[in-house]
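Here is the structure we will look at.
Just so it is clear, none of the values below were taken in a lab; they were calculated from the coordinates. From a predicted model like this one, the values you see are computed outputs, not experimental measurements. Every residue, glycine as well, gets a Cβ built from its backbone with ideal geometry; the counts of neighbours run over all protein chains shown.
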Amino acid sequence: MKSILILFLLSVFSMTYAQKKQKELSAVVEYHSFYNGKPNTEYGKTELTFHNNLAKVERVYPFELSEMLKRVTQYQVLDYNKNKTFTIADIQGKRFYSVSDQSPQGEIELTENDTTILGYQCDKIKFISFSNTIEVWYTKEAGIKGTPSYFIKDALVLKTVRNGSSVQMATSFKKLKSKETKDMQLMPDELGEELDVVNLRYKAQQGVVTTLNIFDDEQISWGNEIKNPEGDQDNLTYRFGGGTVILKKVTLPKHDVPCDVFLELEQMSNGDAYDRTGSVFMIRNTDKPSMLDAMKNGIKTVPKFTDNDGKEYHGMIPEGDFEPAIELMRFFTPFGVNKFNDKRVLDGLTWANNTYYKQSISYLEPILEGEVWIGVFIGNYDKGGHKVSLKMKYYPKENKPSAERKEYWVKPIFNTCNILEMASQNYPTMFGAGGLKVDISIPENVSDLHLHYITTGHGGWGGGDEFNPKENRILIDGQLAYSYTPWRCDCGTYRELNPASGNFWNGESSSDLDRSGWCPGTVTNPVQTPLNISSGTHQFEVQIPQGEPAGGYSFSSWCVSGVLIGEVK
């Protein structure tokens, strides 16, 4: 009897000791990613460290990160004592964290499975998350807990598959010795400022983005007194064209990785009720002639061409060292957003507070660095005019510095958007008098040439080109290279941006009407076409069957801009 009791006590002690040893196990698990069966090394590997009932999960890169990505470090600590997951992020020198409950995601389907990963028998579950099919393999035999992605209670996740193609899998399991964990602390002493899970994730993602605040709540109007700063000072707003143009000299950042670049523009009426043509443009800061000379000294100080009717157009095509302004974004104000919201209260419509435009200008990324002038034009005749704010954002496309960056040749070849409309730059009506022609020299070392073309038709009321489709034809050396008919038939989508839009007897509103490449409250997208031409001088011609004037101020015009981009070999 005594022997049996001793054996029983030894058994209990052994079980307790084994459980204690299992509980105190510390280990590091490495995970690698695969896509369609191939290793995905772009995002490095994930390391999970388990110690003292905590699991720390962080991404480890086998290469030096770009300067943009170095701004943010982020990791998770799964606290199994509190059944909470802590996400900690250091974002541009400041620490933030979020806390979430440890709970499975979605409606779980338990499936039979006999898979062994790293020597551990696994069970498998399957569920749907945000319309994605997720499969998770996990084990409770490893003596540690943790997951690099989807949480499974009291288990170690060893493999996840999303939509059958994206795989994250444990590739190594290393038990840690006590000397390796002697000073190990997985949870930091200071957690920082608390945010909810979604906003912390968003803040961390935005932390790698470079944002330039170019204009903030600036007025674009007509008829107010203008006092510009002396000289050409950085980061100060200058006004030209009677106040319809704002301009600022800024230094655009240079990055060690390629970037997607976006413009974000916010606009609201400050008194003007009409839909207006707007343009965000860039002038390179060089000692060569440019539209900056026209701003400062008058439109007649820059080169001109004359149409078949003898009408002069200054600053619209390159000549000698002069180049026209490079258009970054064509946009159109709606009818009176914000200022006129309380003038017409209509059942079923909630007027927007402002217009928000966001557009990629990534095709111009090769020249979006260094010292330049950035401007915004809104053609209007109102003393209150409009208010605008403008940001430029750079989003990294890669996470490590590029050993070799491609070089590009970028050439603006025409821009008929008359940004100095209120300083005597003529409306672009040349398409009714011979069209637009310009000779351009293509360097010998440039290949893979593309034309990026923005076009919108204006004027003439119901019978004019604004409301009638017109084919745009681009000819090179007399041969048709590209044709396109700009037309928007979705303008009614933006009705809630247009409180001052005129309403017709038939129930339509002016802002609803189809237009030639634009709607009140939208941007106009550039079209891109490859050009199969050799080096040397070529004549580019734009032909549009522009409508005839209807008398008085009722005439049609076309704002077109074009930029050539080619790779330098």
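Ranked from largest, the principal axis spans of the Cα set of segment 97-154 equal 34, 27, 13 Å. Fewest-first ordering of R330, R95 by other beta carbons within 10 Å of each residue's beta carbon gives R95, R330. Hey, how many Å between the Cα centroid of segment 110-137 and the Cα centroid of segment 231-275? The two parts, judged by their Cα centres, are 52 Å apart. In whole angstrom, how far apart do the alpha carbon centroids of segment 282-312 and segment 322-372 sit? A separation of 25 Å, based on Cα centres. With a Förster radius of 35 Å applied to the C-beta separation of K304 and Y363, the computed FRET efficiency comes to 0.75.
Grab the beta carbon distance between L191 and Y408, set R0 = 56 Å, and tell me the FRET efficiency rounded to 0.05. The value I calculate is 0.80. Under the simplified labelling scheme, the D448-S172 pair shows an inter-label distance of 3.7 nm, with each label point 7 Å from Cα along Cα→Cβ.
A cut-off under 9 angstrom between Cβ atoms defines the neighbours of A433, and their net charge, with Lys, Arg +1 and Asp, Glu -1, is -1. Taking the square roots of five times each eigenvalue of the Cα gyration tensor of segment 43-135, the equivalent ellipsoid has semi-axes of 29, 18, 16 Å, listed largest first. Panel order for F467, F331, by other beta carbons found within 10 Å of each beta carbon, from fewest to most: F467, F331.
Cross-link candidates for K304: which lysines have Cα within less than 21 Å, leaving aside residues fewer than 8 places away along the same chain? Those lysines meeting the cut-off are K288, K296, K411, K437. Here Y61 and E230 are evaluated by their C-beta separation; at R0 = 56 Å the FRET efficiency comes out at 0.70. Between N503 and Y35, the contour length at 0.36 nm per residue exceeds the Cα-Cα span by 163.1 nm.
Beyond 38 Å, the tail of the calculated P(r) for segment 209-568 holds 15 percent of the Cα pairs.
Taking a sphere under 10 Å around the Cβ of E264 and counting the other residues whose Cβ falls inside, with K and R at +1 and D and E at -1, yields a net charge of +2.
In terms of overall dimensions, the C-alpha atoms belonging to segment 25-205 reach 47, 40, 33 Å along their principal axes, ordered largest to smallest. Residue exposure proxy: H450, H255, H386, ordered by other Cβ atoms within 10 angstrom of their Cβ from fewest to most, comes out as H450, H255, H386.
Estimated from helical segments only, the mean residue ellipticity of the chain at 222 nm is -2000 deg cm²/dmol, where each DSSP H run of four or more residues counts as -39500 (n - 2.57).
Just add up the charged neighbours of V77: K/R +1, D/E -1, any other residue whose Cβ is under 11 Å from the Cβ of V77.
Result for the neighbourhood of V77: +1.
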